[in-house]
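Structure, as structure tokens:
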Amino acid sequence: MKKIRLGVVGLGHRGRAMFRIAAQNFDNVEAVAMCDLEEKFWAEKQTFPANETSSMKQDFPSAKFYADFDTMLKETALDALLVETPAANHTDFCVKGLEHNLAVLSDVP
């Protein structure tokens, strides 16, 4: 089965959780790229949720971090994109992902 190359934009609590669920629970998902304005959300263990025991960088050492979404789209061959930014920003990220022929999951809790 072909691996689905997954990226995420938005590494807040929900973004990290959703990315971990997808990348760690499905054998055909490959964690490829993560994007956020704050590099600390990638490089540092966060205190919430309480069950987060390591950083995204530690959990996904082969994934690349980007602070710029357009650069991530240009440099990374993704198949799917999780959009986990604040709700007011979802549309722009989804449209750009779709324009790059990606399968896009955007959920607003």
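The values are calculated or read from the model by the stated rules, or taken from the named source; none is laboratory data. Remember, predicted model here, so these are calculated numbers, not experimental data. Heads up, the Cβs are rebuilt from the backbone with ideal geometry, glycines too, and the neighbour counts pull from every protein chain shown. These accessible areas exclude ligands, DNA and RNA; they are computed on the full protein's heavy atoms, side chains included. Shrake-Rupley method; radii C 1.70, N 1.55, O 1.52, S 1.80 Å.
Listed by chain and number, the lysines whose alpha-carbon sits under 17 Å from that of LYS96, ignoring those within fewer than 8 places in the same chain, are LYS74.
Just order 95-104, 16-25 by mean Cβ neighbour count inside 10 Å, highest at the front, would you? Let's see the in-between values first.
Numbers: 95-104: 14.2, 16-25: 16.3.
Result, highest mean Cβ count within 10 Å first: 16-25, 95-104.
Backbone amide hydrogens, once placed in the peptide plane, bring VAL8 within less than 5 Å of ALA33, MET34, CYS35, LEU82, excluding anything fewer than 5 places away on its chain.
Per residue, the chain exposes 58 Å² of accessible surface when a 1.4 Å probe is rolled over the protein heavy atoms with every protein chain present. In whole percent, what relative contact order does the chain give with Cα contacts below 8 Å and a gap of six or more residues? In percent, rounded to a whole number, it is 31.
In this simple spin-label approximation, ASP68 and THR53 carry label points 7 Å from Cα along the Cα→Cβ vector, and these lie 3.8 nm apart. Taking amide H atoms as placed 1.01 Å from N in the peptide plane, the amide H of SER55 lies under 5 Å from those of LYS45, each 5 or more residues away in sequence or on another chain.
Surface composition of the stretch 1-96: carbon and sulfur make up 54 percent of the accessible area, probe 1.4 Å. Placing unit charges on the Cβ atoms only, positive for Lys and Arg and negative for Asp and Glu, gives the stretch 1-72 a dipole magnitude near 240 debye about its Cα centre.
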